[in-house]
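The values are calculated or read from the model by the stated rules, or taken from the named source; none is laboratory data. Please read all numbers here as calculations on a predicted model, not as lab measurements. Because the Cβ atoms are built from the backbone with ideal geometry, glycine has one as well, and the counts that use them run over all protein chains shown. When the accessible area is computed, the model is the full protein with side chains, heavy atoms only, and any ligands, DNA or RNA have been set aside. Shrake-Rupley method; radii C 1.70, N 1.55, O 1.52, S 1.80 Å.
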Amino acid sequence: MPPVRSLLDPPSSPLAHRLGLLALTGLLVLAAAGCSPFARAIKAGDEFAAQQKWAEAEDAYVRALAAEPGDAEAKAKLLKLRQAWSADVLTGAKAKHAEGDLAGATPLLVRALQLDSENGEAATLLTQTLDARVEVAQKALREERLQDARAEFDAVLAVDEGHVAARKGVTAVQTALARRWFNTAQRLEEEGKLGNALLAYVRANQERVGATAALERAEVVRRKLQDEVAFVVVTGPAEDKAEAPDVAQRLSPGRLSALLPQEVPIRVITTEAPKDHEGVRLGLSVERVMPVKSVEQAQKSQRYLVTNKAVPNPRRLQTESVLLEQERKLEDVERKLSGVLRDYLRKQDELSQAREVAGRCRSRERQACSTALAECVRAFGQAKPGEVPKECSPSRCNPQCEAEESALTQRASAAQELERRLETAQEGAETQRREVQRGRDAYYREPLTVDEPVYAEYPYDVEVHRLSITASVTERLVALSKDAAAASPHSEDYAAMHEDAANKAYDKVGVLADPVQLRTEAELRVEAGDKAMASVAQRVMEHFDVYRQRRVEDARRGMVRPSAEDVVETAVRALLLTADAPPQDILQMLAQARGLTRPESIFGR
């Protein structure tokens, strides 16, 4: 057989010379391409994949796709890598599953499917693992280990929120917890610990609404507690010494109850007060009701139009000021535009010089590379077979104009930035010119003078009719724990007044006739009685605030141990007394101690 000629043997014809030149050029191109970011990322990804460093390999392939988004090779390598990674993770998950560590195998199987969604083996094993965890949770549920069962069911639903058995299991756990809290609440109610029982009923209802009768029982216990801590106001019909039944009727116990807040337990009763109950005793009497009616003479004036006169137009002065301001602003904008234009022209000169320097350097570099390539071809033809001459070293064609290229790039970037600034400045100047033109148009459209009306005052007589009702009410307000006979009476006058002015018609200046339209005496008597009752209700609330503030302070002192039963009893009673504005420090700590998600449910909201 004839000997095989090596590619490095000396060429024997001009065709061989041309082929050798093409081969060398291809080698140089491949060497240059091998230094690109895409090639480096692909090479690094292959090395990491061979070492099973999956995360580093994935990051490398992602970088390669960022450099070449449409490259099929990088996409194929990334897909193959994730499939191998998914298989590796699946192996670890199988080991955990074989050991019985279902909680440890679940995240691994999820990760395997995230890497390769078509990994059927991982999907099957994940389904089996979730079913097994559901069986474990159901066993814990049968053994009354409700917290463990709930944790397992929640873990399954976190992976597969549509798992039917897990959803049914969560419902069963909630129902079991609701029944457990309901039984606890019944026991506490039987023991007389109504505050703890109320919180337990609320917790049972929050665990599973409708699973037990917790909502109805909570309402019953809440009413018992409110009756226990209620602030009692013992009162009766007001004594009518002034023979004014319409005023005395406004001081009835029903009116007092309506004026007091309904959210807090305040009971207005007309019978004897229960023993050992906080509250006050209230006695009211109407001493006198005195109407006073008076008529006074007074004067008013009517402003009317006399004539019109021409005055300088104030809007013309305003538009002139605006125009001057816009013109000064235009001068500043054009001055800045001139500065930007000078900088731009100077930078363009520097860019032209840098472009010429870079062009000359590229010519020298191209000439040097062409010379090196010619010498390489000549040496390649004279070299021995299997020998690569030193004249063919790729380093002879290395870039030599990096400094010039860098300077050109910097000056080009600076020139582009200045060009953008110049365009912005030109747009701003054009906009300001339009504003100045608008200001000139507005200024010249305004007339020199405008008509201003001239007014005069016309005085005329009026009669002021005034009706006032003064009701004197005496109250005796004393705490139930004190002697009612020792109560000091408190008398106060409550006035309701209304006035109206009447005048004749004066057609010459446009004044219309206005007859007297006073409110009736009966309406003012009712208003005076309402004012008296509102004042009484406010003083009753002051006594109630002192009482409930004392209970709140007692509850705050026990908040160092909010889960204790005696502390809960005190705190719940204090909260019911402050239902209109509950203290958040007590409410939140109590809810946290009993695990309530909606603390306002304590008040039945």
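Which whole-number percent gives the relative contact order of the stretch 35-80, counting Cα pairs below 8 Å spaced six or more residues apart?
Taking the mean separation of contacting Cα pairs over the length of the stretch 35-80, I get 37 percent.
To the nearest 20 debye, what charge dipole does the stretch 34-165 have about its Cα centre, counting +1 at the Cβ of each Lys and Arg and -1 at the Cβ of each Asp and Glu?
Rounded to the nearest 20 debye, it is 280 debye.
Near Lys309, which aspartates and glutamates are there with a Cα under 14 Å away, not counting those fewer than 8 places off in the same chain?
Candidates past the 8-residue exclusion: Asp451, Glu452.
Please list the non-local residues whose amide H lies under 5 Å from the amide H of Ala211, H modeled 1.01 Å from N, same-chain partners needing a gap of 5 or more.
none
With θ taken as phi - 60° and the coefficients 6.51, -1.76 and 1.60, list the Karplus ³J(HN,Hα) couplings across the stretch 200-214 in order, rounded to whole Hz; mark glycine and proline as x.
Values per residue, Gly and Pro as x: 5, 5, 4, 5, 4, 5, 6, 5, 7, 5, x, 6, 9, 8, 5 Hz.
Accessible surface of Leu215 in the full protein assembly, 1.4 angstrom probe, to the nearest 10 Å²?
Surface open to solvent at Leu215 totals about 110 Å².
How high is the FRET efficiency between Gln51 and Asp160 when r is their beta carbon distance and R₀ equals 35 Å, given to the nearest 0.05?
Result of the calculation: an efficiency of 0.50.
Give me the number: length gained by fully extending Arg396 to Ala98, i.e. 0.36 nm times residue separation minus the C-alpha to C-alpha distance, one decimal in nm. Intermediate values should be presented prior to the final figure.
Details: separation 298, 0.36 × 298 = 107.28 nm, distance 6.26 nm.
Contour length minus the Cα-Cα distance gives 101.0 nm.
Only Cα pairs under 8 Å and at least 6 apart count here; give the relative contact order of the chain as a rounded whole percent.
Taking the mean separation of contacting Cα pairs over the length of the chain, I get 15 percent.
Could you tell me the distance between the Cα centroids of the stretch 438-504 and the stretch 275-318, to the nearest Å?
So the two Cα centres are separated by 2 Å.
Just reorder Ser413, Ser252 by solvent-accessible area, largest first, 1.4 Å probe, all chains present.
In descending accessible area the options line up as Ser413, Ser252.
So, by mean Cβ neighbours within 10 angstrom, what's the order for 319-327, 69-77, 565-573 with the highest one leading? Please report the intermediate quantities before stating the final value.
Working: 319-327: 15.1, 69-77: 13.3, 565-573: 20.8.
Per-residue Cβ counts within 10 Å, averaged per peptide and sorted highest first, yield 565-573, 319-327, 69-77.
From the backbone phi of the stretch 246-252, what are the Karplus-calculated ³J(HN,Hα) couplings (6.51 cos²θ - 1.76 cosθ + 1.60, θ = phi - 60°) in whole Hz, Gly and Pro given as x?
Computed from phi, the couplings for the stretch 246-252 are 5, 6, 5, 5, 6, 9, 6 Hz.
Which lysines, if any, have their Cα less than 28 Å from the Cα of Lys241, not counting same-chain residues under 8 positions apart?
Lys293, Lys482, Lys531
How many percent of all Cα-Cα pairs in the stretch 84-163 sit more than 17 Å apart?
The share of Cα pairs beyond 17 Å in the stretch 84-163 comes to 44 percent.
On the full set of protein chains, 1.4 Å probe, figure out the accessible area of Thr431 and give it in Å² to the nearest 10.
60
Below 8 Å between Cα atoms, with a sequence gap of 6+, how large is the relative contact order for the stretch 102-218 in percent?
That works out to 16 percent.
Give me the angle, in degrees from 0 to 90, between the Cα long axis of helix 102-115 and the longest principal axis of the Cα atoms of the chain, rounded to the nearest 10.
60
Would any residue of the stretch 124-161 have its amide N under 15 Å from a label point 7 Å out along Cα→Cβ of Thr171? List them or say none.
none
Once both axes come from the Cα atoms, what is the angle between helix 146-159 and the longest principal axis of the chain, in degrees from 0 to 90, rounded to 10?
Value to nearest ten degrees: 50.
Which cross-chain or sequence-distant (5 or more) residues have an amide H under 5 Å from the amide H of Val280, H modelled 1.01 Å from N in plane?
The list, which skips near neighbours in sequence, is Val232, Val233, Val234, Leu480.
How much length is gained on full extension from Val311 to Asp500, taking 0.36 nm per residue of separation minus their Cα-Cα distance?
64.0 nm
Once phi is turned into ³J(HN,Hα) by the Karplus curve 6.51 cos²θ - 1.76 cosθ + 1.60 with θ = phi - 60°, what whole-Hz value does each residue of the stretch 256-263 show in order, with x for glycine and proline?
Running phi through 6.51 cos²θ - 1.76 cosθ + 1.60 with θ = phi - 60° gives 5, 5, 5, 7, 7, x, 8, 6 Hz.
Using protein chains only and a probe of 1.4 angstrom, how many square angstrom of Cys397 are accessible, to the nearest 10?
Using a 1.4 Å probe on the heavy atoms, I get roughly 40 Å².
Consider just the alpha-carbon atoms of the chain and return their Rg together with their Dmax, both in angstrom.
48.4, 147
Run the numbers for Gln517 and Ala564: contour at 0.36 nm per residue of separation, minus the present Cα-Cα distance, in nm.
Computed gain between Gln517 and Ala564 is 10.3 nm.
Tell me, what is the FRET efficiency for Glu190 and Ala123 to the nearest 0.05, using R0 = 51 angstrom and their Cβ-Cβ distance as r?
0.45
Give me the distance in nm between label points sitting 7 Å out from Cα along the Cα-to-Cβ direction at Val292 and Glu320, one decimal.
6.1
With r as the distance between the Cβ atoms of Ala412 and Glu327 and R0 = 30 Å, compute the FRET efficiency 1/(1 + (r/R0)^6) and round to 0.05.
On the way: r = 38 Å, r/R0 = 1.26.
Between Glu327 and Ala412 the formula returns 0.20.
Could you state the angle between the C-alpha long axis of helix 72-99 and the longest principal axis of the C-alpha atoms of the chain, as a value from 0 to 90 degrees rounded to the nearest 10?
Rounded to the nearest ten degrees, it is 60.
Using Cα centres only, tell me the gap between the stretch 204-256 and the stretch 544-586 in whole Å.
Taking the Cα centre of the stretch 544-586 as reference, the centre of the stretch 204-256 is 20 Å away.
With charges set only on the Cβ (+1 for Lys and Arg, -1 for Asp and Glu), what does the dipole of the stretch 360-507 come to about its Cα centre, in debye to the nearest 20? Walk me through the intermediate numbers first.
Numbers: 20 positive and 27 negative charges, 472 e Å.
It comes to approximately 2260 debye.
Return the long-range amide H neighbours of Asp101 (sequence gap of 5 or more, or a different chain), with a cut-off of under 5 Å between placed amide H atoms.
Under 5 Å from the amide H of Asp101: no residue qualifies.
Quick one: putting +1 on the C-beta of Lys and Arg, -1 on the C-beta of Asp and Glu, what dipole do you get for the chain around its Cα centre, in Debye to the nearest 20?
Details: 86 positive and 94 negative charges, 369 e Å.
For the chain, the charge dipole is close to 1780 debye.
At what distance in angstrom do the alpha carbon centres of the stretch 332-386 and the stretch 517-542 lie from each other?
Spelled out, the Cα-based centre of one part sits 98 Å from the other.
If the cut-off is a Cα-Cα distance under 14 Å, which aspartates and glutamates reach Lys96, setting aside same-chain residues fewer than 8 apart in sequence?
Asp88
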